[in-house]
Amino acid sequence: MPHSVIEKPTVPAPATFNVEALRDDFPILKREVHGKPLVYLDNAATSQTPRQVIDVFSDYYSRYNANIHRGLHTLSDEATAAFEATRHRVKAFLNAEDERQIIFTRGTTEAINLVAQSWGRSQLAAGDEVLISMLEHHSNIVPWQLLAAEIGFTIKVIPVEANGALDMTAYRSLFNERTKLVAVNHVSNALGTINPVKEMAALAHQHGALILVDGAQATPHQKVDVQDIDADFYAFSGHKIYGPTGVGVLYGKKALLEAMPPWQGGGEMIKTVSFDVATTFAELPHKFEAGTPAIAEVIALGRAIEWLEGVGVEAIGAWEAVLLKHATAAVSQIDGLRILGTAPQKAGVLSFVVEGAHSQDIGLLIDQLGVAIRTGHHCAQPLLHHFGVDATCRASFAAYNTLEEIDTFVAALNRVIGMVR
Ligand SMILES: *Cc1c(COP(=O)(O)O)cnc(C)c1O
């Protein structure tokens with residue numbers, strides 16, 4: 001095996017979750033912001049990167065940078081092997097049936113656009129219906145709206161309950177014989193709600209519809225099994241699971257992917273190209289991977305998943321639940337603070353608004369104290385409007401966050417609120 005992987009995980013047992021040891025893997029966590037130690041709580045936007053992943057870039061570009069799948073020389077063979085090793089790792093990570101069902105994309109957004117433009121454009125017709133949820137990220141709304149404007153199908157929205165859980169009774173009632181697709185996130189980036197996607201998939205299939213699951217926020221926090229969920233499509237992004245930007249994954253059921261037309265055309269995705277007879281396309285997965293991919297990023301994604309699995313994704317999820325509980329209890333003491341999203345099944349996301357204080361001001365001032373949180377609409381404007389707000393503050397947790405950091409954040413928040421009110 002060339003450079004593909006196999007380094008001992010730095011953090012051994014989930015039972016002894018050692019957050020301090022694990023923090024040593026992240027050089028960025030040692031930096032200061034405005035003279036204060038960084039407290040990074042914007043993990044739902046992007047997670048930080050362990051040195052094992054960072055090192056892939058210098059290793060790749062100093063030792064085996066070459067284009068892949070063209071063979072014929074050693075460097076290309078090594079790059080191809082390392083690139084394909086990630087596909088193999090992702091297959092196991094998602095428990096996909098076959099690694100040809102793993103398509104590399106630029107991220108979740110591109111994966112969803114691929115499904116919309118290839119499957120959607122060829123399968124949806126005027127009068128058809130697509131169900132999406134009120135909780136969706138813009139990247140699982142807008143691709144469907146763009147296509148609906150051309151084709152004339154209808155988008156129906158699954159509503160949420162007051163606590164941010166999906167209204168499953170309403171979901172059941174939205175189906176009819178024209179429902180072709182359900183597109184829903186596994187975990188909401190704005191509220192942290194964990195959706196019952198397995199149950200949702202079963203209902204979709206009973207009605208002859210497919211289900212696409214946006215897993216951008218689920219993959220960093222919980223074990224995902226696409227076969228158990230029975231997802232037709234599943235998407236995630238590298239940069240939210242301790243990997244680099246510029247790479248993500250689309251998983252699809254094989255029969256669907258095989259029947260789907262190519263989306264982007266170019267090199268790598270063809271079998272033969274001719275001006276005289278029809279151009280023919282490559283087999284899966286290459287049919288959907290036109291052009292030179294982000295080779296180093298894909299290899300680094302493999303390393304990120306290795307890191308994640310070394311720590312244990314379930315152990316990480318359990319640790320984040322501890323952080324969430326601690327943070328929720330602490331901010332609940334703050335006068336006039338309202339938490340959005342209190343569903344019983346929730347990942348490590350804490351969204352809130354504070355009476356008499358603009359979220360934007362809180363975000364700017366708390367940054368002065370070294371604390372990075374997200375303020376704004378979190379790419380989920382319809383959801384926030386539903387709750388009657390334009391913006392929230394959002395603290396979101398990752399494996400390397402500590403209880404002390406939560407205390408620092410809450411103290412900083414109290415200080416900032418005192419300044420603006
Ligand atoms: C971040 C995110 C996306 C978009 O991911 P990109 O990496 O920006 O393509 C989609 N859905 C959810 C739930 C997200 O959190």
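The values are calculated or read from the model by the stated rules, or taken from the named source; none is laboratory data. This one's a predicted model, so the numbers in the text were calculated from it and none came from an experiment. Using ideal geometry, Cβ is built from the backbone for each residue, glycine included, and neighbour counts are taken over all protein chains shown. Quick note on the areas: whole protein, heavy atoms, side chains included, nothing else; ligands and nucleic acids left out. Shrake-Rupley method; radii C 1.70, N 1.55, O 1.52, S 1.80 Å.
Each row is one residue, and each column tells you yes or no for (1) farther than 30 Å from D25 by Cβ; (2) in a strand (DSSP E or B); (3) at pLDDT 95 or above; (4) open to solvent by 10 Å² or more (accessible area, probe 1.4 Å).
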site	(1), (2), (3), (4)
V277	yes, no, no, yes
G291	yes, no, yes, yes
L301	no, no, yes, no
T328	no, no, yes, yes
(request) Filter segment 364-382 down to residues that are within 19 Å of the chain's Cα centre (by Cα) and in a loop (DSSP other than H, G, I, E, B), then give me how many there are. (result) 5
(request) Look at F352 and say whether it is of a type outside the set (A, V, I, L, M), assigned to a helix (DSSP H, G or I) and either in contact (Cβ under 8 Å) with a residue 24 or more places away in the chain or farther than 27 Å from A216 by Cβ (or both). (result) no
(request) Looking only at segment 47-57, decide whether some residue is farther than 16 Å from T245 by Cβ, within 16 Å of the ligand (Cβ to nearest atom) and not polar (S, T, N, Q). (result) no
(request) For S76, work out the one condition from (1) in a helix (DSSP H, G or I); (2) within 16 Å of the ligand (Cβ to nearest atom) it doesn't fulfil. (result) (2)
(request) State which residue is nearest to V389 (Cα to Cα) when the search covers only segment 360-374 and only residues that are among the small types (G, A, S) and open to solvent by 10 Å² or more (accessible area, probe 1.4 Å). (result) G363
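A quick yes/no check of all residues on (1) part of a helix (DSSP H, G or I); (2) under 20 Å from G192 (Cα atoms); (3) of a type in the set (A, V, I, L, M, F, W, C); (4) under 19 Å from the mean Cα position of the chain (by Cα):
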site	(1), (2), (3), (4)
P344	no, yes, no, no
I362	yes, no, yes, no
A395	no, yes, yes, yes
D407	yes, no, no, no
A411	yes, no, yes, no
(request) Give the residues of segment 69-80 that are modelled with pLDDT of 95 or more and open to solvent by less than 40 Å² (accessible area, probe 1.4 Å), sorted by residue number. (result) S76, A79, T80
(request) Go through segment 144-259 and tell me which strands (runs of 3 or more DSSP E), entirely inside it, have 1 or more residues that are at pLDDT 95 or above, closer than 20 Å to T86 by Cβ and within 13 Å of the ligand (Cβ to nearest atom). (result) 233-237, 248-252
(request) Starting from segment 129-153, keep only residues that are without any contact (Cβ under 8 Å) to a residue 24 or more places away in the chain and of a type in the set (V, I, T), then list their pairs with residues that are more than 13 Å from the ligand (Cβ to nearest atom) and open to solvent by less than 40 Å² (accessible area, probe 1.4 Å) whose Cβ atoms are within a distance under 9 Å, requiring at least 6 positions of separation or different chains. (result) none
(message) Please determine whether any residue of segment 144-166 is open to solvent by 50 Å² or more (accessible area, probe 1.4 Å), in contact with a Gly (Cβ under 9 Å, 6 or more places away or on another chain), under 25 Å from H386 (Cα atoms) and β-branched (V, I, T).
(response) yes
(request) Quick one: in segment 42-56, of everything that is open to solvent by 30 Å² or more (accessible area, probe 1.4 Å) and in a loop (DSSP other than H, G, I, E, B), which residue is farthest from L350 (Cα to Cα)? (result) T49
(request) Would you check which residues across segment 80-113 are in a strand (DSSP E or B) and within 14 Å of the chain's Cα centre (by Cα) and list them? (result) F104, T105
